[in-house]
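Heads up, the thing below is written out as structure tokens.
The values are calculated or read from the model by the stated rules, or taken from the named source; none is laboratory data. This one's a predicted model, so the numbers in the text were calculated from it and none came from an experiment. Cβ coordinates were reconstructed from backbone atoms using ideal geometry, including for glycine residues, and neighbour counts include every protein chain displayed. Surface areas here come from the heavy atoms of the whole protein model, side chains and all, with no ligands, DNA or RNA. Shrake-Rupley method; radii C 1.70, N 1.55, O 1.52, S 1.80 Å.
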Amino acid sequence: MEEIKSHIPAESCMMKYPPLKYGEINYKTRLTKIFEVLEKEGKTADEKFIIHFPNLSKIDFLSLSKIPSVLVFTTTHYYELSEDLNFTQKIPYDHLHHAELCQGEKLLNIHFYQEEKEKKLPLTFQAESKEHRNIVGELISSILIKYWRNFFHKEIKLLPDEDLYQYHAKVWKINRKGQSQLRFIVLTDQFLCNLKYSKGEYKNKWRIPIKALVYVGFAAAKPLNLKLKLDKKIQKEILSLHKLKSVSKVDREFQLSDEYERTMMLFHLRRIFCQLNDNRIYLNVKEVPK
């Protein structure tokens, strides 16, 4: 068989090229630049980068313009950068409420918790496609759930490990002196918890077992107010079983901030109640007198 000869000169085959090493070329990737921006804006060592979303346009409704933006999410904050990676704003997660997929196929809203004296409009972004918008929205939702789960279980340690966080609502309550009081209504896989917030400290006021619910009621005149009715005997048995503080009150009422929060609270209450009852009993939701 005829020997196949290479047309490449032998001396060329013997040449050795040293591999390129990281840092030898004076070039920064976009991700490297993003990390530098985060460090400059106060990112701590404990704050870990999760993901960034390029190719989004922020909608400015005042000027009716689209501003190319990059959204960056860490374990504790949301960062907004311009297309050329200049810093725009930084928001802690405890200010973010939820991500909403809008009726427009490519539009996404990021909503904020509303303070009693300050109403903040949502941020609206347009994605490249409906699929891109859906991915961004779902990932934001999962990041926020993980953040709040870590917050309630590890940061303030008000939920035991066996009591898994599911959802919460941030509520402003007006006391008898006309002062605003922040409350968290937290749903776990077993209980509804009322957490009090005052002077930077959280306190677990009471827990009621979701399995003991008889119904959830609402009044047409006050659609954001939810009224809970519990079975006193079942409530006592479950609290005693878990060695928790006894609670005699079986009627509860609290006001939610908007329709979204009301819908989500009802959804999770019904879902958890059904699971606790082996999917055999559905939670009754009915209209009650105001």
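Taken along its principal axes, the alpha carbon cloud of segment 132-229 reaches lengths of 44, 34, 30 Å, longest axis first. Normalised by 2.2 N^0.38 Å, with N the number of residues, the alpha-carbon radius of gyration of segment 26-141 equals 1.07. Checked against a 19 Å cut-off, the cross-linked pairs Lys203/Lys232; Lys203/Lys245; Lys119/Lys203; Lys211/Lys245 give Cα-Cα distances beyond that limit for Lys203/Lys232; Lys119/Lys203.
Placing +1 on the Cβ of every Lys and Arg and -1 on the Cβ of every Asp and Glu, with no other charges, gives segment 30-122 a dipole of roughly 200 debye about its Cα centre. Treating r as the C-beta distance of Val285 and Phe61 and R0 as 45 Å, the FRET efficiency rounds to 0.80. Basic side chains Lys and Arg get +1 at the Cβ, acidic Asp and Glu get -1 at the Cβ, and with that the dipole of segment 199-278 about its Cα centre reaches some 420 debye.
Measuring nothing but protein heavy atoms, the accessible surface of the chain at 1.4 Å probe radius is 54 percent carbon and sulfur.
For Leu96, the residues whose amide H sits under 5 Å from its own are Tyr113, ignoring neighbours fewer than 5 places away on the same chain, with H placed 1.01 Å from N. The Kirkwood hydrodynamic radius of segment 218-287, based on inverse pair distances between different Cα atoms, is 13.6 Å. Of all the Cα-Cα pairs you can form in the chain, what percent are over 31 Å apart? Here the long-distance tail beyond 31 Å is 45 percent of all Cα pairs in the chain.
From largest to smallest, the equivalent ellipsoid semi-axes obtained for segment 97-139 from the alpha-carbon gyration tensor read 23, 9, 6 Å. Just going by the charge dipole of the chain, with Lys and Arg at +1 and Asp and Glu at -1 on Cβ, which of Ile50, Leu159, Val136 is farthest out on the positive end? The listed residue farthest towards the positive side: Leu159. For the chain, the solvent-accessible area works out to 65 Å² per residue, with a probe of 1.4 Å and every protein chain left in place.
Of all DSSP beta bridges confined to the chain, the antiparallel ones make up roughly 95%. I want to verify a result. In a Gaussian network model of the chain, Cα cutoff 10 Å, which of these has the top mean-square fluctuation: Asn279, Asn86, Asn55? It is Asn279. Each Lys and Arg contributes +1 and each Asp and Glu -1, all at the Cβ; summed about the Cα centre of the chain, the dipole is approximately 2060 debye. Residue by residue, segment 143-151 carries 3J(HN,Hα) couplings of 5, 5, 4, 5, 4, 5, 4, 5, 5 Hz when phi is fed to the Karplus relation 6.51 cos²θ - 1.76 cosθ + 1.60 (θ = phi - 60°); x denotes Gly or Pro.
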